[in-house]
């Protein structure tokens, strides 16, 4: 299914396919990857592009995800433009190397198909995998649909390789709900993508014999703290780079992305904060409620790392009650990960809204519109009574 557009081509493709097509146009020097459901289509499609000579990439077929990211770290340290992809247990197996990549400031790009972490075995989508790696100093960008997967994968190259950043990027998409759903995606011409990302200009290059360097050196207490803080500051500063790159990409395509995506938030009295594909269902419910006279809104967080504190605070000013919805739990904690970030961001605000937390959709369980509507109904009750009730609620459990 293909039809021509003025700017490029509109193609019927899955979220995985959108990531693979973006990778083809980026044409990285090295891709090292290992297939895992529901990411496998990305590796399969890209391997076909390599076999058909559509890219000049060195594709390294490794024996595990740990090996995949290890190979990526080596190639990136040698000055190559490098990509990989994974999901779930694969990301967990990479865990050691996540810190190697970010600590050595290697701008690796990784489409990350969100899938729950076993056991028990489950191949469906929630955010437990990437949330388990949220402190690994990788940029994490969460996509709502296949179009955003395509666009964000391209933008991620510019963000990661910016000399103010030099950090790896996860482009996160919901397993099956986005990875396997067929949608229309508008693709840029190949030459425009090449021009947008530009050539690789490595800051780190172990193969530059005229400028020898050491990578992964021992850092003892007199220097380690400063090294880590410089990386943390680069991650925090990446917010401005993400916005700059998004603005330039928006001027090229007409598709504008930010750190957050507010929907009908200007006059909202009740709102949901959520990430990824669930924002689509939530927006539909908001449209229904607006027709009924309810001042409802939704705030989708696109950049979870770095967390967009200022943008979240600005969007939630004037809102009276807010439900933060997490597709991951944080066992033993007071609340789930996104709620903890939002609550921390709002802590210093004198007129902050009442906040509640919902965990939903674990193991890929659906989020029906009726459940979202019930959250808004509770928020209206919070506004009318002032009573918040339990902070954390598990939404859609079969036992109620």
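Values quoted throughout were computed directly from the atomic coordinates according to the rules given, and no laboratory measurement underlies them. Owing to the predicted nature of the structure, the values given are computational and were not obtained by experimental measurement. Every residue, glycine among them, receives a Cβ derived from its backbone with ideal geometry; neighbour counts consider all protein chains shown.
Taking Rh as the Kirkwood radius computed over C-alpha pairs, what is the Stokes-Einstein D of the range 241-322 at 25 °C in a medium of viscosity 0.890 mPa s, expressed in µm² per second? Mind dumping the intermediate values first?
Working: Rh = 13.4 Å.
D = 183 µm²/s.
First obtain the Kirkwood hydrodynamic radius of the range 19-94 from its Cα pairs, then insert it into the Stokes-Einstein equation at 37 °C and 0.692 mPa s, and state the resulting D in µm² per second as a whole number.
On the way: Rh = 12.1 Å.
So the translational diffusion coefficient is about 270 µm²/s.
Return, for the Cα atoms of the range 261-306, the radius of gyration and Dmax in Å, separated by a comma.
According to the Cα coordinates of the range 261-306, Rg and Dmax are 10.6, 36 Å.
Got a sec? How would 193, 270, 223 order by Cβ neighbour count within 10 Å, fewest to most? Numbers along the way, then the final one.
On the way: 193 21, 270 26, 223 11.
Listed from fewest to most nearby Cβ atoms, that is 223, 193, 270.
Quantify how much of the Cα-Cα distance distribution of the range 195-251 extends past 16 Å, in percent. Intermediate results must be reported in sequence, preceding the final value.
Values: 1082 of 1596 pairs.
Here the tail beyond 16 Å accounts for 68 percent of pairs.
Please order 97, 231 by the number of other Cβ within 10 Å, starting at the fewest. Don't jump to the answer; show the numbers that get you there.
Working: 97 21, 231 17.
With the sparsest Cβ surroundings first, the list reads 231, 97.
With every atom except the alpha carbons ignored, what do you get for Rg and Dmax of the range 11-151, in angstroms?
According to the Cα coordinates of the range 11-151, Rg and Dmax are 14.1, 41 Å.
Hey, any idea what Rg/Rh is for the chain, computing Rh the Kirkwood way over Cα pairs? Working shown, then result.
Numbers: Rg = 21.0 Å, Rh = 21.7 Å.
Computed over Cα atoms, the ratio is 0.97.
Over all distinct Cα pairs, what is the inverse of the mean 1/r for the range 84-185, reported as the Kirkwood hydrodynamic radius in Å?
Details: mean 1/r = 0.0729 Å⁻¹.
For the range 84-185, the Kirkwood estimate is 13.7 Å.
Return the Cα extents of the range 261-394 along principal axes one, two and three, sorted largest first, each rounded to a whole Å.
Result for the range 261-394: principal-axis Cα extents of 38, 36, 28 Å.
Going highest first, how would you order 151-160, 375-384, 112-121 by mean Cβ packing within 10 Å? Don't jump to the answer; show the numbers that get you there.
On the way: 151-160: 25.4, 375-384: 17.8, 112-121: 19.9.
My ranking of the peptides, most packed first, is 151-160, 112-121, 375-384.
Round to the nearest 10 and give me the degree value, 0 to 90, for the angle of helix 15-26's Cα axis relative to the longest principal axis of the chain.
That helix lies at roughly 40 degrees to the long axis.
Just the projected area, averaged over all directions, of the convex hull on the alpha carbon atoms of the range 187-310: how many nm²?
Values: hull surface 49.6 nm².
With the hull built on Cα positions only, its mean projection is 12.4 nm².
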